[in-house]
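J.: Before I ask anything, here is the structure I am working with.
Where a number appears in this text, it was derived from the coordinates with a stated rule and is not lab data. None of the values given here were measured: they were computed from a predicted structure. Here the Cβ is made from the backbone with ideal geometry for all residues, glycine too, and neighbour counts use every protein chain on show.
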Amino acid sequence: MRANSLALRLFLSASAWAVVILAITGVILSSLYRQGVERAFDRRLGVYLRTLVADLASPEDTSGKFPQSLGEPLFELPLSGWYWQVTRLDPGKSDIRSSRSLWDGGLPHLQDMGVAPGTDGSRQGYVSGPEDQRLRVVERNIDLGDEGHYLVAVAGDAAEIAEETRAFDQALIVTFTLLAVVLLLTTMFQVRFGLAPLKRITTSLAAIRAGTAERLAGKFPEEIAPLARETNALIEANKEIVERARMHVGNLAHALKTPLSVMVNEANARPGDPLAQKVREQADIMRDQVTRHLERARIAARLTVVGSLTEVAPVVTALARTMEKIYRDKQLAIDVRADAEARFRGERHDLEEMVGNLVDNACKWASSRVSIEVVREEPDPTSERRLVRIVVDDDGRGLSPSEREQVAKRGLRLDETKPGSGLGLSIVVELAGLYGGALNLGSAPLGGLRAELVLPAG
């Protein structure tokens, strides 16, 4: 998942919502569990409170009331955290009876703290007991008529509630952590599975650009199928446009070459006529310009075709063998070092024309040796563009910096004794530029000229 990718955005958004929902659910469950523990605790205290109320309402002698333990030994253990207290509220008849565990202390009254009674008339809440113990208290007002008005309270150590809740929270955290990990892994799988068709489209488009496929093949989900259909339709339309452009270029070439040939033939029929000589000169220039611009149009049309890919090593090796035969009288040694994996993103004819011009130029000027090296470069980390470099060196006289600038100009020749039209290097420059490449001239380690052709690689 790369930065700013759709997969990462989906994964992060789904993960964030999952974590938020789990956190909220955990808080709610913890709160509900605590409330359940408190209700159970209150019911336990309520049993003791009803026992005290029953004893208080008993017609027996007061001295026999209020059993100290209520069946719970903690009510007899000093400062145990479990206490009961009965307070008479009648004016002038105040009386407080309490469990032995309360020692000489007392329990705060919830009614004095503003706690409202519930539907059953009892109050529940937390108070601070002896030695700042946190206590859970249940109290109730009892009106016995002539026998008096009493406030009965039973308190228990709230640490039991806290411990129960803490144990549940720890188990909840562990469970939800494991659940979160499972959900994140599931989310990652869902994102990858859901975006797999897009990955297939990306792979198919790369195959089309590499020349190993001509269209997007296979079945795609309903949401992506229109994209695949439109892409295939665009590829087909592009091919049709290119084919029509090639046909028009060929027709134009034939339409112009015929009148130019007639003009040249008529001029050649009048060798001594100055006008005929001028017509022949201008006709040659027109023919050169037509050839140049038609060639550019032809190349531009081919460049719009997706999927052209050419292996460089076989082309370079074949050209080297051809040049050895052409320049056999010079007994040139042509060394070839080519990466077998190097591929040119373009058509074979254009590669042959560019490399052929460079090797031919090197053979013309070389004394005894020509070197050709093909290097496939790794893509720049800041760019995914791949390049292939074709370096042609010779051991000729070489060129000065000013001469290097001149030789790339169309029709310019530094030495008229050498055969050629002066168009070779300029054609290479134009072809390389149309493909997004470049031609660089420099000094070769062999002592002559180095021509370095940089082209897009597949």
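J.: Can you compute the charge dipole magnitude of the chain about its Cα centre, using +1 on each Lys and Arg Cβ and -1 on each Asp and Glu Cβ, nothing else charged? Give it in debye, rounded to the nearest 20.
T.: Dipole about the Cα centre, nearest 20: 2980 debye.
J.: Roughly how many debye, to the nearest 20, is the charge dipole of region 7-164 about its Cα centre, given +1 on each Lys and Arg Cβ, -1 on each Asp and Glu Cβ, and no other charges?
T.: 740
J.: Same structure, new question: Can you give me the P(r) profile for the chain? Cα pairs, bins 10 angstrom wide beginning at 0, each as a whole percent.
T.: Percent of pairs per bin, in order: 4, 13, 14, 11, 9, 7, 6, 5, 6, 7, 7, 6, 4, 2, 1, 0.
J.: I've got another one for you. I need to check one value: relative contact order of the chain, counting alpha carbon pairs closer than 8 Å and at least 6 residues apart, in percent.
T.: Reported relative contact order: 10 percent.
J.: Scan region 320-396 for GluC sites (Glu not before Pro) in coil per DSSP, keeping those whose Cβ has at most 10 other Cβ atoms within 10 Å, and list them by number.
T.: Glu384
J.: What's the exposure ranking of Trp365, Trp17, going from fewest to most Cβ atoms within 10 Å?
T.: Trp17, Trp365
J.: Another question, then. Among the aspartates and glutamates, which fall within straight-line cross-link reach of Lys257, defined as a Cα-Cα distance under 19 Å, with same-chain neighbours fewer than 8 residues apart omitted?
T.: Partners within reach: Glu266, Glu281, Asp284, Asp288, Glu295.
J.: Stretched out fully, how many nm does the piece from Ala16 to Arg215 gain, at 0.36 nm a residue minus the Cα gap?
T.: Fully extending the segment from Ala16 to Arg215 adds 67.8 nm.
J.: Treating cross-link reach as a plain straight distance, find the aspartates and glutamates whose alpha-carbon is under 20 Å from the alpha-carbon of Lys330, omitting any fewer than eight places away in the same chain.
T.: In chain and number order, the partners are Asp360, Asp393, Asp394, Asp395, Asp415, Glu416.
J.: What is the local net charge at Val262, summed over the other residues whose Cβ is closer than 13 Å to its Cβ (Lys, Arg +1; Asp, Glu -1)?
T.: +2
J.: Something else: With n ≥ 4 as the cut-off for DSSP H runs, can you work out [θ] at 222 nm for the chain, using -39500 (n - 2.57) per run divided by the number of residues, rounded to the nearest 500?
T.: Per the formula, -18000 deg cm²/dmol.
J.: Now a separate question. Can you check what the net charge comes to around Arg123, using other residues whose Cβ is under 14 Å from the Cβ of Arg123 (Lys, Arg +1; Asp, Glu -1)?
T.: Value of the local net charge: -3.
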